[in-house]
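The values are calculated or read from the model by the stated rules, or taken from the named source; none is laboratory data. Being a predicted model, the structure only gives us computed values, none of them experimental. A quick note on method: Cβ atoms are made from the backbone with ideal geometry, for glycine too, and the neighbour counts reach across all protein chains shown.
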Amino acid sequence: MGRTLAEKLWQDHVVRQADGEPDLLYIDLHLVHEVTSPQAFDGLRAAGRPVRRPDLTLATEDHNIPTIDVDKPIADPVSRAQVEALRKNCADFGVPLYSLGNIEQGIVHVVGPQLGLTQPGMTIVCGDSHTSTHGAFGALAFGIGTSEVEHVLATQTLPLKPFKTMAINVDGDLPDGVSAKDIILAVIAKIGTGGGQGYVLEYRGSAIRALSMEGRMTICNMSIEAGARAGMVAPDETTFEYVKGRDHAPTGDEWDAAVAYWRTLFTDSDAIFDAEVTLDAATLSPFVTWGTNPGQGLPLSASVPSPDDASDDVDRVAIERALEYMDLTPGTPLRDIAIDTVFIGSCTNGRIEDLRVAADILRERTIANGLRLLVVPGSARVRLQAESEGLDTIFLDAGAEWRGAGCSMCLGMNPDKLTPGERSASTSNRNFEGRQGPGGRTHLVSPAVAAATAITGHLSSPADLD
Amino acid sequence: MEAFTRHVGTAAPLRRSNVDTDQIIPAEYLKRITRDGFEDGLFSAWRKDPDFVLNQPQYQGVSVLIAGPDFGTGSSREHAVWALQNYGFRVVLSSRFADIFRGNSGKGGLLTGQVPQEVIEQLWDMVEADPGTEVTVDLEARTVAAGNLVAEFEVDDYVRWRLLEGLDDIGITLQYAEAITDFEGSRPAFKPVTQ
Ligand code: SF4
């Protein structure tokens, strides 16, 4: 019987297999950031263990770092301690690190692909759930906890039980103004935040094939919000084209050998998925969330739901709680929701294509009175690229703040936070209570919706601007 | 790691579904670089409310958390496990856990027992009626017992064995160092390195 892409990747990385035990899987790339690693390095030190393969490990500073005044010391003492711990740990254990100020610094999931370190057929882990981003290249990439970080540092392997596989088929042509972000928000609304639990999702179909690598990354990034372990897209010419010529991409004969292998990485036609979900791209429209988990989303043209729409009691309570936290009234058109702050950035939508989409909409326009628009590139290189294209000027002229690279308001660990009761439209991936700052209220949106919303001051799509 | 065979303690009812790791421990607490002292961050947003279950005098000293469905969704932060453990929890019961949280718990020595939602409801009723109710969690027998109720819980076989033995992951893997070295010898040359 044929194998799925996920099964092929799995089998290619098994170091050891024994009945009744998890498989021991080899890890090709281990990405590290300052939040989930200090205790892991501490553990190694306590046990007197070295990092087995510093040359397959890469660290970057992203979660805590400020996005303004980046040349000054980090003001918050705790953030500074974490960043300094990472610097010391990397120096002590020989792990390469891109620090604040380095041209390669940025959000870990933006940096890996950008450097060409993320390639098809790899196993990639990081102590961060959005590691699923890298699956866009046809890699098996998933988030791990801190003790697993320690395990990979010490052994370059992980004991794991095989994941189940789920096909997400998205066929048809996306309507104008509908993007990868809308696809994934619609998928999560359809299968729920627990729907992908235990699965690797493989996104397939003509609508996925038509996406750029950046669009595929946006989709794979949010697989975790459906509860999945990982998301992936089989590599194709779009993938090879993107990887080719990057700093860490293979060259010469090695490139040919790599591509020959990568071309074998697809789900066989007779392979069977444990589950399948189908979506018609042509029926999709801009999607936004109204509640406090990423599954609580609806088309922008819809209205705030009522607890009476709930399918069961658990759902009813969840809707009630979400409406209370979000301070929303059932029946309000989503388009009428007024927004205080718009955040464009994060590992979901902080790449150059996202900034181009937003800039196109903001060109020669200004943001609504009293609204705050933060544009935070996903990496220092994205920032430089945007500046070379003049996007920074468009943002600044529109009234936005143009920041340095990092996670920023995606999770509010640095000073970029919502204040209690403040409402944001955000291109990030999580609308949990307090995610962007205690008491803050988040609506997840695409970069296009974010930019249009910044102009009108309430949730809007670019079509509303004409 | 401390071995886990059987645990007896009082329990707190957490009548909420979809408790994500941002609720268990908000991001602002993750900045620490140590492994202990996270109890002050546990459910910190909710603990500002005097009526929150853990603030009630009758639920002081609890060591079993009876949670709603989809517990531990969201970020892969293992700090969520440490926060629960630092606070004094040894066991969390729910009808459904997020995978990463479950994995992290097993490794950290926190037992996550999966039981049907009906059992959760019964336990909620029981510990609300009598907060002093002792809950016995027997990992050997995979049972949870309280009052007249005895129910089986699901736990992964391998996680169970490790908890029973108190085994550390890395030590187990390093027994296979030779197999790892062999595997490394067969990796294609085109795979990238970071330096
Ligand atoms: S941008 Fe947000 S989701 Fe992405 S790694 Fe940073 S904090 Fe996590």
Q. Looking at segment A:417-435, which of the residues that are more than 14 Å from the ligand (Cβ to nearest atom) and in a strand (DSSP E or B) is surrounded by the most Cβ atoms within 10 Å (Cβ to Cβ)?
A. A:425
Q | Residue that is surrounded by the most Cβ atoms within 10 Å (Cβ to Cβ), among those in segment A:173-200 that are assigned to a loop (DSSP other than H, G, I, E, B) and within 14 Å of another protein chain (Cβ to nearest Cβ) | A | A:196
(Q) Any residue in segment A:391-410 that is within 14 Å of chain B (Cβ to nearest Cβ) and in contact (Cβ under 8 Å) with a residue 60 or more places away in the chain sitting within a Cβ distance under 6 Å of a residue that is within 13 Å of the ligand (Cβ to nearest atom) and polar (S, T, N, Q)? List the pairs, counting only those 6 or more apart or interchain. (A) A:406/A:67; A:408/A:67; A:409/A:436; A:410/A:346; A:410/A:428
(Q) Regarding segment A:97-110, can at least one residue be identified that is touching a helix residue (DSSP H, G or I) at 6+ places or on another chain (Cβ under 8 Å), within 16 Å of the ligand (Cβ to nearest atom) and among the polar types (S, T, N, Q)? (A) yes
Q | Condition broken by residue B:130, with the remaining ones in (1) without any contact (Cβ under 8 Å) to a residue 40 or more places away in the chain; (2) within 14 Å of chain A (Cβ to nearest Cβ); (3) over 17 Å from residue B:6 (Cβ atoms) satisfied | A | (2)
Q: Could you figure out which of (1) modelled with pLDDT of 95 or more; (2) more than 16 Å from the ligand (Cβ to nearest atom); (3) within 10 Å of chain B (Cβ to nearest Cβ); (4) over 15 Å from residue A:150 (Cα atoms) isn't true of residue A:20?
A: (1)
Q) What are the residues in segment A:319-339 that are within 20 Å of residue A:188 (Cα to Cα) and touching a Ser or Thr at 6+ places or on another chain (Cβ under 6 Å), if any? A) A:322
Q. Do we have any residue at all in segment A:96-118 that's buried (at least 24 other Cβ atoms within 10 Å of the Cβ), in contact with a Gly (Cβ under 9 Å, 6 or more places away or on another chain), free of Cβ contacts under 8 Å to residues at least 40 places away in the same chain and not small (Gly, Ala, Ser)?
A. no
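Answer yes or no as to whether residue B:155 is in contact (Cβ under 8 Å) with a residue 40 or more places away in the chain, under 16 Å from residue B:7 (Cα atoms) and crowded, with 21+ Cβ neighbours inside 10 Å.
Values: in contact (Cβ under 8 Å) with a residue 40 or more places away in the chain: yes; under 16 Å from residue B:7 (Cα atoms): yes; crowded, with 21+ Cβ neighbours inside 10 Å: no.
Taking the combined requirement at face value, the residue does not satisfy it.
Would you mind stating whether residue A:279 is part of a helix (DSSP H, G or I) and of a type in the set (A, V, I, L, M, F, W, C)?
No; evaluated as a whole, the condition is false for this residue.
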Q) Can you tell me which residue in segment B:116-127 is farthest from the other protein chains (Cβ to nearest Cβ), limited to those that are buried (at least 19 other Cβ atoms within 10 Å of the Cβ) and without any contact (Cβ under 8 Å) to a residue 40 or more places away in the chain? A) B:126
Q: Count, please, the residues in segment A:305-362 that happen to be on the phi > 0 side of the Ramachandran plot and within 14 Å of chain B (Cβ to nearest Cβ).
A: 1
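Per-residue answers, yes or no, for (1) farther than 21 Å from residue A:435 by Cα; (2) away from chain A (no Cβ under 12 Å); (3) within 16 Å of the ligand (Cβ to nearest atom):
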| site | (1), (2), (3) |
| --- | --- |
| B:11 | yes, yes, no |
| B:23 | no, no, no |
| B:51 | yes, yes, no |
| B:55 | yes, yes, no |
| B:74 | no, no, yes |
| B:78 | no, no, yes |
| B:107 | yes, no, no |
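When you look at residue B:76, is it hydroxyl-bearing (Ser, Thr, Tyr), surrounded by 15 or more Cβ atoms within 10 Å (Cβ to Cβ), out of contact with any Lys or Arg (no Cβ under 6 Å at 6 or more places or on another chain) and within 20 Å of residue A:142 (Cβ to Cβ), yes or no?
Working: hydroxyl-bearing (Ser, Thr, Tyr): yes; surrounded by 15 or more Cβ atoms within 10 Å (Cβ to Cβ): yes; out of contact with any Lys or Arg (no Cβ under 6 Å at 6 or more places or on another chain): yes; within 20 Å of residue A:142 (Cβ to Cβ): yes.
In short, yes.
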(Q) When you check residue B:59 against the structure, is it away from chain A (no Cβ under 14 Å) and aromatic (Phe, Trp, Tyr), yes or no? (A) yes
Q) In segment B:137-195, how many are within 14 Å of chain A (Cβ to nearest Cβ) and in a loop (DSSP other than H, G, I, E, B)? A) 16
